[in-house]
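Visitor: Got a structure for you, questions after.
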Amino acid sequence: MAHMNFYWGIITSINSIALSIWIGSIFFYCLSVQSSVGLLDKTLKSSVLLQNLKRIYQLNGFNAFAILICQLILFIHHYFDKTVNWSGYAAIITIILMIIFHLYSFTSAYQKANRSIRPKTDLYNKICNIFKLIIFLGIIDILLLNF
C-alpha cells in the first residue's frame, strides 16, 4: 500500500495548485486590475473590468470544481483511515463557503453589471469585497491543508 501514498500526494498537489490559482487570480484582480483602471474613462473602465471578470469566472469555475473533488477525495481517504481531525472538516467547510460566495457574486453583482449598459462602480466594489472574503477563506484553507 506504499504506492497509494504517491497518488494521495498527487491529489494533494492538484488541490494546492488549483487553490493557489483561484486565490492568485482573485488577488490579482483585486490588487492590480482594480487599481490600474482608475485612470480610464467610465466606459473603457467598465469594459476592462467586465472582460477580466469574465475570464476569472471562467477559470475559477473549473478550479472550484477540481478543488471540491480533490478535497472530498482527501477527506474520504482520511475518514476511512480514521485520521480525520477538525482541520479536515474545517477545510471542507471553507471550500464550500468559497464556492457559495463565488456563485453568489457571479449570479448577483456580475450578472447585473454584465447586463446593464452603464454599470455603476459600486457593483465592481461589491464584487471586489466578495473576492476579498474569498481570498481570506482561501488563505485559511491553505493553512488548514498544512495541519
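The values are calculated or read from the model by the stated rules, or taken from the named source; none is laboratory data. Predicted model only: the values in this text are computed from it and were never measured. Note that each Cβ is placed from the backbone with ideal geometry, even for glycine, and that neighbours are counted across all protein chains shown. Side chains included, ligands, DNA and RNA excluded: accessible areas come from the protein's heavy atoms. Shrake-Rupley method; radii C 1.70, N 1.55, O 1.52, S 1.80 Å.
Visitor: About the Cα centre of the chain, what is the dipole size in debye to 20, counting +1 per Lys and Arg Cβ and -1 per Asp and Glu Cβ, all else neutral?
Guide: Numbers: 11 positive and 4 negative charges, 142 e Å.
So the magnitude is around 680 debye.
Visitor: When the Karplus curve 6.51 cos²θ - 1.76 cosθ + 1.60 is applied with θ = phi - 60°, which whole-Hz ³J(HN,Hα) does each residue of region 25-38 get, with x for Gly and Pro?
Guide: 3J(HN,Hα) across region 25-38, in whole Hz: 5, 5, 4, 4, 5, 5, 8, 8, 5, 4, 7, 7, 8, x.
Visitor: Relative contact order for the chain using alpha-carbon pairs under 8 Å, separation at least 6, rounded to a whole percent?
Guide: Numbers: 110 pairs, mean separation 47.6, N = 147.
It rounds to 32 percent for the chain.
Visitor: Per the 1.4 Å probe, what fraction of the accessible area of the chain, in percent, lies on carbon and sulfur atoms?
Guide: On the way: 6310 of 9050 Å².
Ligands and nucleic acids excluded, carbon and sulfur reach 70 percent.
Visitor: Could you give the angle, 0 to 90 degrees to the nearest 10, between helix 42-80's Cα long axis and the longest principal axis of the Cα atoms of the chain?
Guide: 10
Visitor: Based solely on its DSSP helices, what 222 nm [θ] is calculated for the chain when runs of n ≥ 4 H residues each add -39,500 (n - 2.57) and the sum is averaged over all residues, nearest 500 deg cm²/dmol?
Guide: -27500 deg cm²/dmol
Visitor: Just subtract the alpha-carbon distance of LEU31 and TRP8 from 0.36 nm times their residue separation and send over the number in nm, one decimal. Kindly include the intermediate steps, with their values, before the conclusion.
Guide: Details: separation 23, 0.36 × 23 = 8.28 nm, distance 3.37 nm.
Roughly 4.9 nm would be gained on extension.
Visitor: If you don't mind, there's one more thing I want to ask. Run through region 74-127 and list the trypsin sites (Lys or Arg not before Pro) located in a DSSP loop whose Cβ has at most 13 other Cβ atoms within 10 Å.
Guide: Details: sites: LYS82, LYS112, ARG115, LYS120, LYS126; in loops: LYS82, LYS120.
The qualifying sites are LYS82, LYS120.
Visitor: Also, I was wondering about something else. Could you state the accessible area per residue of region 1-145 in Å², with a 1.4 Å probe and every protein chain left in place? Could you put the intermediate results ahead of the total?
Guide: Working: 8770 Å² over 145 residues.
Per residue, region 1-145 has an accessible area of 60 Å².
Visitor: What is the local net charge at TYR124, summed over the other residues whose Cβ is closer than 12 Å to its Cβ (Lys, Arg +1; Asp, Glu -1)? Can you show the working numbers first?
Guide: Numbers: positive: LYS42, LYS45, LYS112, LYS120, LYS126; negative: ASP122.
So the environment of TYR124 carries a net charge of +4.
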